[in-house]
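Novice: Take a look at the following structure, please.
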Amino acid sequence: NAGVTQTPKFQVLKTGQSMTLQCAQDMNHNSMYWYRQDPGMGLRLIYYSASEGTTDKGEVPNGYNVSRLNKREFSLRLESAAPSQTSVYFCASSEGLAGGLNEQFFGPGTRLTVL
Amino acid sequence: GIQVEQSPPDLILQEGANSTLRCNFSDSVNNLQWFHQNPWGQLINLFYIPSGTKQNGRLSATTVATERYSLLYISSSQTTDSGVYFCAVVGNAGNMLTFGGGTRLMVKP
């Protein structure tokens, strides 16, 4: 099992450009998440999807959109990138949201720089 | 929302030494995880431990949920233990994994 995979690994954008970060998991998990990690800090939740067909905002959703394409895939879109969105983006998944089902497993991250 | 504080923020050890990392949280939790972020940025799951004690090799963790803290013990540290250790929790009333600020560990040979 590959676990959680993310593409691309690195990306450089100019201010105003758009892009989509892709995430897929092969653990048959119901819930998926997008986080960002700024230098020297812990991760902060951008959006999550409790199950296929649902998405909800996290702590820092402004400037982002998400799509839960199917049970395996959850994408994050930046419509008009800004330098403040320079960060490392992590995707995660868990079996569910409640109790013992919510241990989260993380992908390798995408390092995004916006010039 | 729930607050998570980790201590110490930085720790330098000589190889072979033992250490204890602490995580305090401000409310009841139904999920607590410890992660190691290695120097390449990868997040590695260490423990899922909302309560009780677990051990995995040289690492062990204890969460005392009633007193709102968790401890991560590293014994006989190795240079490969270097990196940042994060504690993260989900409050009973929430769905979000909230991360602490991390403990940066450097193990010197």
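Novice: Just the Kirkwood number for chain A, please: inverse of mean 1/r across all distinct Cα pairs, in Å, one decimal.
Specialist: Value: 14.0 Å, from the Cα pair sum.
Novice: Can you give me the distance in nm between label points at B:Thr66 and B:Ile12, each placed 7 Å from the Cα along the Cα-to-Cβ direction?
Specialist: Going from the B:Thr66 label point to the B:Ile12 one covers 4.1 nm.
Novice: I need B:Asp81, B:Asp10 ordered by Cβ neighbour count within 10 Å, fewest first.
Specialist: Going from sparsest to densest Cβ surroundings: B:Asp10, B:Asp81.
Novice: Over segment B:4-108, what is the relative contact order in whole percent, taking alpha-carbon pairs under 8 Å and six or more residues apart? Kindly include the intermediate steps, with their values, before the conclusion.
Specialist: Working: 269 pairs, mean separation 40.1, N = 105.
Answer for segment B:4-108 is 38 percent.
Novice: Just rank B:Ile74, B:Ile12, fewest to most, by other beta-carbon atoms within 10 angstrom. All intermediate terms of the calculation are to be shown ahead of the outcome.
Specialist: Values: B:Ile74 22, B:Ile12 12.
Ordered from fewest to most neighbouring Cβ atoms within 10 Å, B:Ile74, B:Ile12 come out as B:Ile12, B:Ile74.
Novice: Place +1 on the Cβ of every Lys and Arg and -1 on the Cβ of every Asp and Glu in the protein assembly as shown, take the dipole about the Cα centre, and give the residue among A:Met32, B:Phe25, B:Gly41 whose Cα lies farthest towards its positive end.
Specialist: Checking the options against the dipole of the protein assembly as shown, the answer is B:Gly41.
Novice: With a point put 7 Å past each Cα toward its Cβ, work out how far A:Asn28 is from A:Ser51 in nm, to one decimal.
Specialist: 1.6
Novice: Still on this structure, I have one more. Rounded to the nearest 0.05, what FRET efficiency do A:Arg111 and A:Glu79 give with R0 = 25 Å and r taken as the Cβ-Cβ distance? Could you check? Spell out each step's value before the answer.
Specialist: Numbers: r = 20 Å, r/R0 = 0.80.
The formula returns an efficiency of 0.80 here.
Novice: If I build a Gaussian network model for chain A, linking alpha-carbon pairs within less than 10 angstrom, which residue out of A:Ala92, A:Ala82, A:Ala24 has the largest mean-square fluctuation?
Specialist: A:Ala82
Novice: Here is a follow-up. Under a 5 Å amide H to amide H cut-off, with H placed in plane at 1.01 Å, what residues pair with A:Leu13 once short-range neighbours are removed?
Specialist: A:Thr113, A:Val114, A:Leu115
Novice: Under a Cβ-only charge scheme (Lys and Arg +1, Asp and Glu -1), can you give me the dipole magnitude of segment B:4-108 about the Cα centre, in debye to the nearest 20?
Specialist: For this selection, approximately 140 debye.
Novice: Express as a percent, rounded to the nearest 5, the fraction of DSSP beta bridges in the protein assembly as shown (both residues included) that run antiparallel.
Specialist: If we restrict to bridges inside the protein assembly as shown, about 90 percent are antiparallel.
Novice: At B:Lys54 and B:Glu5, where each label point lies 7 Å from the Cα along Cα→Cβ, what is the point-to-point distance in nanometres?
Specialist: So the two model labels end up 2.6 nm from each other.
Novice: How much of the calculated P(r) for the protein assembly as shown lies past 32 Å, in percent of all Cα pairs? Write out the running numbers ahead of the final one.
Specialist: Values: 4503 of 24976 pairs.
In whole percent, the share of Cα-Cα pairs in the protein assembly as shown beyond 32 Å is 18.
Novice: Excluding B:Ser82 itself, calculate the net charge of residues whose Cβ lies under 15 Å from the Cβ of B:Ser82, where each Lys or Arg counts +1 and each Asp or Glu counts -1.
Specialist: Every neighbour counted, the sum reads 0.
Novice: Related question: Taking the number of other C-beta atoms within 10 Å as the exposure measure, put B:Trp40, A:Trp34 in order starting with the fewest.
Specialist: Listed from fewest to most nearby Cβ atoms, that is B:Trp40, A:Trp34.
Novice: How many angstrom lie between the C-alpha centres of segment A:9-86 and segment B:82-99?
Specialist: 18
Novice: Regarding segment B:4-108, what whole-number volume in Å³ per residue does the convex hull of its Cα atoms give?
Specialist: 83
Novice: Continuing with this model, one more query. Which residue, chosen from B:Thr63, B:Ala93, B:Thr80, occupies the Cα position most advanced towards the positive end of the dipole of segment B:4-108, where the dipole is computed from +1 (Lys, Arg) and -1 (Asp, Glu) charges on Cβ about the Cα centre?
Specialist: B:Thr80
Readers should treat all values here as calculations from the given coordinates under stated rules, not as data from a laboratory. As the structure is a prediction and not an experimental result, all values here were calculated from the model. All Cβ positions, glycine included, derive from the backbone under ideal geometry; neighbour counts span all protein chains shown.
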